[in-house]
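One structure below.
The values are calculated or read from the model by the stated rules, or taken from the named source; none is laboratory data. Nothing here was measured: the structure is a model prediction, and the numbers come from that model. Heads up, the Cβs are rebuilt from the backbone with ideal geometry, glycines too, and the neighbour counts pull from every protein chain shown. Protein only, heavy atoms only, side chains kept; ligands, DNA and RNA dropped before computing areas. Shrake-Rupley method; radii C 1.70, N 1.55, O 1.52, S 1.80 Å.
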Amino acid sequence: MKIQFAPLYIPLKRRFQTAAVLQWIFSFLFLAQCCMILFVGLLFTRLWLVSILYAAWWLLDWDTPHKGGRRNHFIRKSIVWRYMRDYFPVTLVKTADLDPRKNYLVGFHPHGVLVAGAFLNFCTEATGFSKLFPGLTSHLMMLTLWFRVPFFRDYLMSGGLIASDKESASSVLRKPGGGNILVIVVGGAQEALDARPGAFTLLLKNRKGFVRLAIEHGVSLIPAFSFGENELFDQVDNPKGSWLRNVQHRLQKVMGISLPLFHARGVFQYSFGLIPYRRPIFTVVGKPIHVEKKQNPSQEEVNQLHQTYIGELCKLFEEHKAKYNVPKEKHLEFI
């Protein structure tokens, strides 16, 4: 493998952009482990009281990730996220105005390897969410497992992340007065195993829980497709039936998270590393699909709305793919 090195002189702005992305990668790959080590380690030092007091606070605050979270606007507006936005860059595209008096459920596709588009667009103000959708507050769902890590849980909630379960979803969707957007990465961690450049495979065929939620709460469904999300990393080949894919599926069942073996570029060379490629991401938020409220929808009603949603998602993809350099022969594939 021929290694391509970065030029000796790198503009200061580009250094900041790379540093911001490194911070993000570190946050999601290593920060949780560091927080756990810190929490336990402090118990064996003169600062043991810090961990004890935090543990007491943690117990009192246990349900917060399931009740809308606790965002911090200072962190959401941090300049770090703007540098990270410019690294790729990332753009949030609105196709329709949304009524701030209503609540909405957005299905985000695809998951990609590390959900960069969903994080920057809905957990920060780097791409101008509040300006594009005035009066609306975004909530992005994340595996409940991560909210059981001390300190790390507070960092996650500061951006608007909430636990991924029905209780959390209902807490947002039933808020009176409207003004909330619940974002669900429908394909979940399992879809990350199919994330690679040029892939448009979505794990959606049998994912219907979010549709049932929309009907039970009478909130409009909105499809969102993030063009470029799968272009950020290469992934080791793991075709279905291979030993690697089987191991990844077993680990996912045990741990609740998938472990894609991904790589891209490095800090000082462009040939191999864990830093994502500099490739643009365009997250297009579609038009609302009206949903009639029904407390106990039948499976037939859920299936019908699910098919309508898939149709609108395909329409959104086909209408915008030419703008974002997707070949005309490429179409969405559902598994």
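Distances longer than 19 Å among the Cα atoms of segment 200-335: what percent of all pairs is that?
I get 64 percent for the Cα pairs in segment 200-335 exceeding 19 Å.
Would you work out if the chain is rounded, prolate or oblate? Take a ≥ b ≥ c from the square roots of the eigenvalues of the alpha-carbon gyration tensor; rounded if a/c is under 1.5, else prolate when a/b is larger than b/c, oblate otherwise.
Since a/c stays below 1.5, the shape of the chain is classed as rounded.
Give LYS131/LYS293; LYS166/LYS293; LYS131/LYS330; LYS287/LYS323; LYS208/LYS315 a once-over and call out the pairs whose C-alpha atoms are over 23 Å from each other.
LYS131/LYS293; LYS131/LYS330
Rank-order 69-79, 120-130, 176-186, 106-116 by packing density, defined as the average count of other C-beta atoms within 10 Å over each peptide's residues, highest first.
Per-residue Cβ counts within 10 Å, averaged per peptide and sorted highest first, yield 106-116, 120-130, 176-186, 69-79.
Give the Cα extents of segment 10-104 along the principal axes, in whole Å, largest first.
Sorted largest first, the three principal extents are 51, 47, 21 Å.
So, in Å, what gap is there between the alpha-carbon centers of segment 51-93 and segment 300-331?
Using only Cα atoms, the two centres lie 31 Å from each other.
Not counting ligands, DNA or RNA, and with a 1.4 Å probe, what is TYR104's accessible surface area in Å² rounded to the nearest 10?
Accessible area of TYR104: about 10 Å².
Which of rounded, prolate, oblate describes segment 39-81, given a ≥ b ≥ c as roots of the alpha-carbon gyration tensor eigenvalues and a/c under 1.5 marking rounded, otherwise prolate only if a/b is larger than b/c?
Oblate, because a/c is 1.5 or more while a/b does not exceed b/c.
In whole Å, what is the distance between the alpha-carbon centres of segment 100-140 and segment 202-243?
15
Given the chain, what percent of its DSSP beta bridges are antiparallel, to the nearest 5?
About 25 percent, rounded to the nearest 5.
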